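See below for the structure under consideration.
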Amino acid sequence: MRELGALGDCLDPDKAKWSVRCPWCDQHSDTKDGGPGSDTAIFNAPETTPAFRCLHSHCDQKGFRDLVEWC
């Protein structure tokens with residue numbers, strides 16, 4: 001996500017949780033500037049598998065696999 005210019009701030013270093021710009025932000029009903037925000041995040045804690053979560057209803061079914069395919 002860093003290489004794609006879509007990585008935001010670290011939200012929780014213990015869980016390796018980072019804000020990211022949602023790849024589908026142009027389809028969100030409340031798109032502001034498309035910048036990374038806390039409503040979309042990736043997780044990569046050592047004890048879990050990598051994950052992607054966007055809180056917008058359009059992205060409800062999108063997961064880490066969808067993010068990797070987009071990348």
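The values are calculated or read from the model by the stated rules, or taken from the named source; none is laboratory data. Keep in mind the model is a prediction, meaning the values are calculated, not measured. We place every Cβ from the backbone using ideal geometry, glycine too, and count neighbours over all the protein chains shown. SASA here: full protein model, heavy atoms, side chains in, ligands and nucleic acids out. Shrake-Rupley method; radii C 1.70, N 1.55, O 1.52, S 1.80 Å.
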>> Can you tell me which condition L55 does not meet? The list is (1) at pLDDT 90 or above; (2) among the hydrophobic types (A, V, I, L, M, F, W, C); (3) open to solvent by 30 Å² or more (accessible area, probe 1.4 Å), and all the others hold.
In response: (1)
> Which members of segment 7-21 meet the condition of being modelled with pLDDT under 90 and closer than 13 Å to C59 by Cβ?
Replying inline: R21
> When only residues in segment 28-52 that are assigned to a loop (DSSP other than H, G, I, E, B), open to solvent by less than 80 Å² (accessible area, probe 1.4 Å) and of a type in the set (V, I, T) count, which is modelled with the lowest pLDDT?
Replying inline: T31
>> Looking at segment 1-24 only, could you name the residues that are among the charged types (D, E, K, R) and either surrounded by 14 or more Cβ atoms within 10 Å (Cβ to Cβ) or in a strand (DSSP E or B) (or both)?
In response: D9, D12, K15, K17, R21
